[in-house]
1. In region 331-381, which residue that is surrounded by fewer than 15 Cβ atoms within 10 Å (Cβ to Cβ) and β-branched (Val, Ile, Thr) is nearest to residue 392 (Cα to Cα)?
2. Could you list all residues from region 385-414 that are modelled with pLDDT of 90 or more, out of contact with any Phe, Trp or Tyr (no Cβ under 9 Å at 6 or more places or on another chain) and aliphatic (A, V, I, L, M)?
3. Check whether at least one residue in region 471-486 is aliphatic (A, V, I, L, M), closer than 29 Å to residue 399 by Cα, crowded, with 21+ Cβ neighbours inside 10 Å and in contact (Cβ under 8 Å) with a residue 40 or more places away in the chain, and report yes or no.
4. Is there a residue being part of a helix (DSSP H, G or I) and surrounded by fewer than 17 Cβ atoms within 10 Å (Cβ to Cβ) anywhere in region 124-139?
5. Could you tell me which numbered condition residue 476 fails, if it satisfies all but one of (1) closer than 16 Å to residue 418 by Cβ; (2) in a helix (DSSP H, G or I); (3) at pLDDT below 90?
6. Kindly list, by first and then second residue, each pair from a residue in region 154-165 that is modelled with pLDDT of 85 or more to a residue that is among the aliphatic types (A, V, I, L, M), limited to pairs with Cβ atoms under 6 Å and residues at least 6 apart or on different chains.
7. Before we move on, is residue 294 on the phi < 0 side of the Ramachandran plot, part of a helix (DSSP H, G or I), modelled with pLDDT of 85 or more and not β-branched (Val, Ile, Thr)?
8. Based on what the data block shows, is residue 246 assigned to a helix (DSSP H, G or I), of a type outside the set (A, V, I, L, M, F, W, C) and more than 30 Å from residue 40 (Cβ to Cβ)?
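The values are calculated or read from the model by the stated rules, or taken from the named source; none is laboratory data. Please read these numbers as outputs of a predicted model, since none were measured by experiment. All Cβ positions, even for glycine, are placed from backbone atoms using ideal geometry, and neighbour counts span all protein chains on display.
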Amino acid sequence: MLSVFRKLSWYFKEQWIRYTLAITALIIANIIIVIPPMIVGEVIDQIQYNRITTESFIELVTWFVVLMISAYVVSIYWDYTLFGRAILLEKKMRSQLMNHFMKMTPIFFGRYRTGDLLARSTNDLKAIMMTAGYGILTLVDSTVFLFLIVGIMAMTISWQLTLAALIPLPIMALAIQKYGKSIHERFMKAQSAFSELNNDTLESIQGARVIRAFVQERQDEKRFADKTEDVFLKNIDVAKMDALFEPTVKLLVGLSYTIGLGYGSYLVMQGMLTIGQLVTFNVYLGMLIWPMFSIGELINVMQRGNASLDRTDELLSHKPDVDEPADPKTIERPDSIEFHQLTFRYPGADRNDLTDFHATIQQGETVGFVGKTGAGKTTIFRQLLREYPPTEQGHLTINGVPIQEFPLAKTREWIGYVPQDHILFSKTVRENILFGNPKAIDEDIHHILELASLKEDIENLPEGLDTVVGESGVTLSGGQKQRVSLARALIRDPEILILDDSLSAVDGKTEAKIIDHLKRARANQTTLIAAHRLSAVQHAHQIFVLEDGKVVEHGTHDELMKQHGWYSIQFAIQQMEGGE
């Protein structure tokens, strides 16, 4: 059970001063709290034996008030310090998770769905935070406070009465152990079901337009209802076990009360206890309710925290697939890119997605990659983006140096990437473009809008550059989204610009304007273009035609037209169709 504290030992060591102060203050508050019942018992006995005086009464009341105020002040301090550290842990782990996600490659995100990652980053971190705060509180109260009260009851009142009143404790320990194991298992299932619900909800929201287009609203509602019902039932299973804790503790505490009151009354009648001592003893029994109940709470919180920490550690245990080099190399700029007989296969695939790919690309060249869907165009770009570990067959070099010997940040700093799936943030057009270069000024933005043939579109938006694009750019058309993504990459002024079929949603005339702008603006920089519309690569210095991951044709536009292969046939077809 306490293994969760061992797993969090790194944080407790880091914050040991604060935790020491909080726990010390908590113990002091507990010590202060056990004194007032003694004062109450003393007052009762003095009244019974007519020994009470005005002075002694005022003195006892004064002590009582001072102790209560002291306990109040100390309690505020430990509460703020203890739970403040717990909230800080949640913050640190959330940042740790986000930093970890940023280092992960598509292999990791193919294994874990977005909804699952969101659940682990919210619900599970909340459970861990409770462990570091409420868990410490219940641990101290179920041990120190419990033994403190029991010790005082045994030493100052009657050890026989104390022993008799505590007979139910072993029964409670056995019940709690059984409940705790069951809660751990059920909570793991509940969290897993919540992850599934999260993921399905995210997919439904993102695919709302598709769902409506195919008139699948009812089916999606039913699917959501089924998932919700599953989460509900699994959480009900957890709640059922939770519900057993408090009644069990109260039943056993009530049994202790019965024993204490019955046997205590007998001892009073035998003259072995005073009425004041019996009253004090019963007050202490009442104070024992929380420490005994906190044993159950401790098990509950620990099991939840342990389950959540295991789920979080599972994510953090994944090492980045692409490592930083031990001895990083540096160059001023990428003058040449060379693929040397590169062969690549995606994890889990049963065939190569790229086979013996060889290419030499010089600075300032525009290179086109064409072919059927799935031919391997994007796979080539992913090698440059270093989304996967280096392959065992062949290698990729920049200026003659293997790309894996450069720092990741450096290689990605050279690249401006416009993916097939244009991803826009729920911010303004200006903020989406400046994401590529936060230091750019309005003059730079307007220049880039010209290059991307986006200026007129922006002027027609309600707030111009300050128009909020909505969730994933929902307020923009497909062509506008692509051009905003292009502008975001261009404003970086990258040494290598990668356009991965990123002009497919614009019309032929706009595409021609953009290509013409890029030819002039990037005459001395490298541009790599993957496209299905061959007019986008017609001007390229070299064009690679791919099929099943292999190069089947290579040359300039004119050279490929003379070969009368796939390229020339496809180009002729597209020209007859109006370039579309």
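1. So, considering only residues that are surrounded by fewer than 15 Cβ atoms within 10 Å (Cβ to Cβ) and β-branched (Val, Ile, Thr), the one nearest to residue 392 (Cα to Cα) is 360.
2. Within region 385-414, 401, 403 qualify.
3. Yes: region 471-486 contains one or more residues that are aliphatic (A, V, I, L, M), closer than 29 Å to residue 399 by Cα, crowded, with 21+ Cβ neighbours inside 10 Å and in contact (Cβ under 8 Å) with a residue 40 or more places away in the chain.
4. Yes, because at least one residue in region 124-139 is part of a helix (DSSP H, G or I) and surrounded by fewer than 17 Cβ atoms within 10 Å (Cβ to Cβ).
5. (2)
6. 162/153; 162/154; 164/259
7. Spelling it out, it is not the case that residue 294 is on the phi < 0 side of the Ramachandran plot, part of a helix (DSSP H, G or I), modelled with pLDDT of 85 or more and not β-branched (Val, Ile, Thr).
8. When the stated conditions are applied, residue 246 does not pass them.
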